[in-house]
1. Taking amide H positions as placed in the peptide plane 1.01 Å from N, state which residues far from residue 47 in sequence (5 or more) or on other chains have amide H under 5 Å from it.
2. Computed on alpha carbon atoms, what radius of gyration and Dmax characterise the range 85-132, expressed in Å?
3. Based on a Kirkwood Rh over C-alpha pairs, give the Stokes-Einstein translational diffusion coefficient of the range 39-134 at 10 °C and viscosity 1.306 mPa s in µm²/s.
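Every number here is computed from the coordinates shown, using simple stated rules; none is lab data. A quick note: this is a predicted structure, and the numbers were derived from the prediction, not measured.
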Amino acid sequence: MKNLVYFLAIALMVISCGTVNTKNTSDSKKDMREAVVISNDSLEYEIIIYDIGFSTYLNTIAKPMEFYSQNYLEAKNNFYVVAWNIRANNPIRYGDLYGNQIDYSTYIDYGLEVNYKLYNYFKFFEKKYKIRLR
């Protein structure tokens with residue numbers, strides 16, 4: 001299952017850039033430091049989140065990974081993914097914040113770290129854009 005959530009990289013680059021971006025090399029390096037990469041080589045997928053502020057949110061506001069169980073995060077992510085995909089399929093009604101659908105399967109064990117980062121991205125997204133995905 002390759003490219004689980006590549007849409008976040010594309011959608012969030014569009015959201016955060018807004019217009020054509022002419023950055024110099026030092027700005028690009030700073031962006032890569034801000035990018036959060038979630039990958040699992042054994043499942044062959046990668047998630048890259050470029051949303052400005054998510055890295056800071058993950059390191060300062062988000063509860064530690066050990067606070068959650070994997071089962072809890074999987075249940076929450078399943079809920080958020082369904083809500084996200086509904087909105088991604090209806091851009092006229094919900095706007096273009098959501099980009100593409102997320103291909104998230106409840107039958108695949110993504111592991112605690114991936115579920116933790118994905119869950120916290122949804123929480124960050126809700127806080128940043130003042131949108132509830134429920």
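1. Excluding prolines and chain starts, which carry no amide H, the hits are 38, 39.
2. Taking only Cα atoms of the range 85-132, I get Rg and Dmax of 12.3, 34 Å.
3. In µm²/s, the coefficient is 113.
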